[in-house]
Amino acid sequence: MFPPSRVGACPTEEQRRRRVFESAVRPSDVDLPEKVAAMIGKTLGNLRIIAKIGEGGMAAVYLAEHVGIPRRFAVKSLPPALQRDPTFRKRFYEEAQRQALLDHPNIVQVTDFFEEAGQFFLVMEYVDGQDLSKKITSKGKLPESEAVAIVRDILQGLRFAHDKGLAHRDMKPSNVLIDESGRARISDFGIAVLIGARETRLTATGAVVGSPWYMSPEQIERPQDVDGRSDIYALGILLYEMLTGEVPFDGASDFNIHYQQIKASVPDPREKNPAISKDMAHIIMKAMAKDPAERFQDCGEVLHAIDARETPSPRFKRTAINRVLLAVTVASAGVIVYLYTALPGVAPPSGPPVPSSPVRRPDEARPPLTPAQQKDELLSQLRKEGFLRVNVERIGNGVVILTGSVDTSAQRDRVLRLAREVTGASTVEFDSWSK
């Protein structure tokens with residue numbers, strides 16, 4: 001096997017998508033201009049096609065309006081070549097039914113699926129926003145705080161799907177949509193499964209399923225063994241790309257990139273962007289471990305690592321505050337003693353002595369709050385910061401459950417941090433819908 005090499009500048013996500021598309025389909029499979037023109041204005045069931053809004057290696061995407069209600073949908077037209085696969089129809093209906101169960105605020109839900117004149121269609125929610133690849137292209141690299149907010153949303157969606165036994169298999173920036181509220185939502189869940197099932201190659205086209213820049217080693221070598229940890233590997237690459245503006249592995253051919261995914265060491269992202277924190281670099285490199293057993297084993301572990309990176313423990317915070325208060329008290333006492341003893345004509349104040357407040361030693365533990373007191377304190381802090389729609393459902397056993405809604409991902413992150421700071425809980429659940 002030849003060693004890896006890098007040729008030319010790192011391609012953009014759009015160039016990568018075009019390369020996958022051109023290698024994955026034959027001319028007869030593409031929605032050519034005349035086919036696109038025929039689709040515009042066409043009515044499929046209750047949906048009228050308005051425009052073509054996207055294209056990838058797996059399908060073309062059209063914007064459609066419901067003829068009876070004022071609502072828009074995204075209609076994905078799968079490659080006509082799939083008609084030649086005798087097993088696809090059964091896989092299509094089985095997988096589409098499973099995808100329809102993925103009702104989660106961080107997943108673009110499939111609302112319908114059907115076959116017409118030998119063509120297969122998936123109907124999904126229309127997300128008014130932009131995909132992550134465009135955001136990375138426009139900014140070059142994202143601040144760590146913004147990348148963390150996006151990856152939190154992705155992890156929440158992936159965890160929901162993994163709990164139902166569904167892996168994505170094709171996580172990449174163009175499959176992450178950022179809506180107008182800033183919430184990240186995963187699209188194309190199960191499309192790779194639909195077309196590839198447990199096989200390595202497309203039956204009709206002979207193209208490898210998946211995008212080589214984001215494929216895990218086992219997805220390349222042992223596609224039948226892929227599980228949710230393969231999505232975690234791809235998520236590590238997404239984090240790397242968001243924070244550096246580049247993918248970790250690239251080359252002149254898919255073969256070259258596959259070689260690097262399997263054999264090459266993961267580059268330290270701080271060499272590309274020194275502003276990345278040491279803890280975040282560790283999270284990226286652990287998520288991208290070659291051996292699935294050495295990665296984070298589920299999305300919850302990744303979220304816990306991110307939380308530990310962001311939020312120091314409440315006990316540490318209390319100790320630091322107590323040390324500062326003690327230092328201020330001692331300094332104040334020294335100034336008073338100096339004024340009374342060193343300056344002439346200054347007499348001590350008359351009258352009975354004023355009792356001083358006891359100073360807590362820095363190593364003295366703060367009396368623990370009861371769950372009810374923690375709930376009151378957390379609600380008070382939330383109201384002070386203007387989170388009037390957030391309620392505390394339950395506190396206990398290191399877990400805080402919140403309900404309600406916020407307006408942005410940044411506000412949701414602030415609510416989560418407040419909950420951890422006030423209660424010291426290791427787990428905070430807040431599946432909010434942004435309003």
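Just one of the numbered conditions (1) touching a Gly at 6+ places or on another chain (Cβ under 8 Å); (2) crowded, with 21+ Cβ neighbours inside 10 Å is not true of Gly140: (2). The single condition among (1) crowded, with 23+ Cβ neighbours inside 10 Å; (2) modelled with pLDDT of 90 or more; (3) not basic (Lys, Arg) that Ala192 does not meet is (2).
Kindly check whether there is at least one residue in region 179-188 that is modelled with pLDDT under 90 and surrounded by 22 or more Cβ atoms within 10 Å (Cβ to Cβ). Checked against the condition, which is being modelled with pLDDT under 90 and surrounded by 22 or more Cβ atoms within 10 Å (Cβ to Cβ), region 179-188 yields at least one hit.
Is it fair to say Leu142 is touching a residue at least 24 places away in the same chain (Cβ under 8 Å) and closer than 15 Å to Ile232 by Cα? Here the answer is no, as Leu142 does not meet what is asked. Among the residues making up region 256-305, a single one is touching a residue at least 60 places away in the same chain (Cβ under 8 Å), among the small types (Gly, Ala, Ser) and not in a loop (DSSP other than H, G, I, E, B): Gly300. Listed by position, the helices (runs of 4 or more DSSP H) enclosed by region 1-119 that each have at least 1 residues that are within 31 Å of the chain's Cα centre (by Cα) and either small (Gly, Ala, Ser) or modelled with pLDDT under 75 (or both) are 13-24, 88-99. On the stretch given as region 120-133, residues that are part of a strand (DSSP E or B) and not hydrophobic (A, V, I, L, M, F, W, C) total 4.
Residues considered: Ala252, Ala281. Of these, the only one that is touching a helix residue (DSSP H, G or I) at 6+ places or on another chain (Cβ under 9 Å) and aliphatic (A, V, I, L, M) is Ala281.
Taken over region 218-247, the residue count meeting the criterion of being within 17 Å of Asp291 (Cα to Cα), within 24 Å of the chain's Cα centre (by Cα), in a loop (DSSP other than H, G, I, E, B) and not acidic (Asp, Glu) is 1. Restricting attention to region 131-169, the residues being under 18 Å from Leu303 (Cα atoms) and of a type in the set (Val, Ile, Thr) number 4. Total residues in region 147-171 satisfying the condition of being without any contact (Cβ under 8 Å) to a residue 24 or more places away in the chain and farther than 24 Å from Arg89 by Cα: the figure is 1. Of a type in the set (S, T, N, Q), free of Cβ contacts under 8 Å to residues at least 60 places away in the same chain and over 15 Å from Val61 (Cβ atoms) - does that describe any residue in region 94-107? Yes, region 94-107 contains a residue that is of a type in the set (S, T, N, Q), free of Cβ contacts under 8 Å to residues at least 60 places away in the same chain and over 15 Å from Val61 (Cβ atoms).
The values are calculated or read from the model by the stated rules, or taken from the named source; none is laboratory data. None of the values given here were measured: they were computed from a predicted structure. In this analysis, Cβ positions are derived from the backbone assuming ideal geometry, glycine residues included, and neighbour counts consider all displayed protein chains.
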